[in-house]
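This report concerns only the one structure given below.
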Amino acid sequence: MTAGGLAGRFAGLVCDLDGVVYAGDRAIAHAPETLSALNVPVVFATNNASRTPHDVGEHLRRLGVDTTDDAVLTSSQAAARVLARDLPSGSPVLAIGGPGVGEALRAAGLRPVDSDGELAVAVVQGFGHAVTAADLAEAAHAIRAGARWVATNDDATVPTERGPAPGNGSLVAAVRMAVDVDAEVIGKPHPPMYQMAAEVLGIAPSRMIAVGDRLETDIRGAVVTGMSGALVLTGVHGPADAAAAPRELRPDFIVTDLRGLLEEYPAAVRDGDWYTRGTARARLTADGLVVEGDDINAVRASLDALWAAVDAGHLRGDEAGELLTSG
Ligand SMILES: [Mg+2]
């Protein structure tokens, strides 16, 4: 247990899973023991709609994370709870996706149905490996008949061992071709998911930190809900991606792995054109980026220098990304 460190500045933490806690079946280095040592309540929020909170909880416990199913929030759960606020208990909802969608609807007091034999008042569309064109057609028919359309998430792709495959965003786009309305999207980076994570803990978003490995979902989600965002460098995006990111995708904090949550995070100090973080500093010159120091603080100082240059109009984002890659 620790009282200090980066996490200690916050009252609650929302943690992404893939690329942060695990990659496929294996744990990311240092993640389980760090999460178990945190002295801050954690919600594990995943856009993955196909697995149930219990499946995710079992996975986490198998990897050594000391947690309960209640600490897991899937985009299916969030979608079902959003609907349950507005619909009478027992309302029929067309469930498209894996087992996680139907179970989440039942848990929220709604009744999952799988065809339009019965008029659905809403459609929840989440990813499932067994979703067919016939399922998408049922969704389109129900939506055109007036059902409210909720998508668990709009990730364009899902990672597989053979590379990216069409994700829920692609399947939502397919349905969108056949209807005249847009889906309400629940998962990151859209606000409902992180807002619900804050509600689960009973903590204001402004007092929470969201941790993830993707800028356009995890970090953008934090920015739009008013949470602080920490990019962890164990998954998809690296320092060069952060350097090139537009303002609304920039993390407040960057950590090498989750242990960074338990460590002190040095404040930014500016002295002339030098940007300092702890023992590292960086500045931009006509010849490129000059960096002193070689730990994660050098990355933080470099980003301070590059973002300032981009914001001042001296650099384009893609140039900032290239400077960090070559620097
Ligand atoms: Mg991730």
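Values quoted throughout were computed directly from the atomic coordinates according to the rules given, and no laboratory measurement underlies them. If you're wondering where the values come from, they're calculated on a predicted model, not measured in any experiment. Every residue, glycine among them, receives a Cβ derived from its backbone with ideal geometry; neighbour counts consider all protein chains shown.
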*asked:* About the Cα centre, and with charges only on the beta carbon of Lys, Arg (+1) and Asp, Glu (-1), how big is the dipole of segment 76-185? Nearest 20 debye, please.
replied: 200 debye
*asked:* List the residues, sorted by chain then number, that are 5 or more residues from HIS190 or on another chain and whose placed amide H is less than 5 Å from its amide H.
replied: none
*Can you run phi through the Karplus equation (6.51, -1.76, 1.60; θ = phi - 60°) for segment 186-196 and list ³J(HN,Hα) in whole Hz, with x for Gly and Pro?*
9, x, 3, x, 6, x, x, 4, 5, 4, 5
*Kirkwood hydrodynamic radius of segment 268-326, from inverse mean 1/r over distinct Cα pairs, in Å*: 11.0 Å
*Under a 5 Å amide H to amide H cut-off, with H placed in plane at 1.01 Å, what residues pair with GLY229 once short-range neighbours are removed?*
ALA210, ASP252, PHE253
*Taking the alpha-carbon centroid of each part, what is the distance from segment 223-286 to segment 99-150 in angstrom?*
41 Å
*Based solely on its DSSP helices, what 222 nm [θ] is calculated for the chain when runs of n ≥ 4 H residues each add -39,500 (n - 2.57) and the sum is averaged over all residues, nearest 500 deg cm²/dmol?*
-9500 deg cm²/dmol
*Efficiency of FRET between ASP114 and GLU264 - r from beta-carbon atoms, R0 56 angstrom, step 0.05*: 0.60
*Could you list VAL269, VAL14 in order of exposure, starting from the residue whose Cβ has the fewest other Cβ atoms within 10 Å?*
VAL269, VAL14
*Projected onto the charge dipole of segment 76-185 (+1 at Lys/Arg Cβ, -1 at Asp/Glu Cβ, origin at the Cα centre), which of ASN168, VAL150, GLY90 gives the Cα projection farthest towards the positive end?*
GLY90
_Extreme residue, positive dipole direction of segment 259-302, given options ALA268, VAL291, ALA280 (C-beta unit charges)_ = ALA268
*How much of the calculated P(r) for segment 215-327 lies past 22 Å, in percent of all Cα pairs?*
27 percent
*Convert each backbone phi in segment 135-141 into a coupling constant with the Karplus relation 6.51 cos²θ - 1.76 cosθ + 1.60 (shift: θ = phi - 60°), then list the ³J(HN,Hα) values in order as whole Hz, x for Gly and Pro.*
5, 5, 5, 4, 4, 4, 4
*If a/c stays under 1.5 just call it rounded; otherwise compare a/b with b/c (prolate if a/b is bigger, oblate if not). Do that for the chain, with a ≥ b ≥ c from the square roots of the Cα gyration tensor eigenvalues.*
prolate
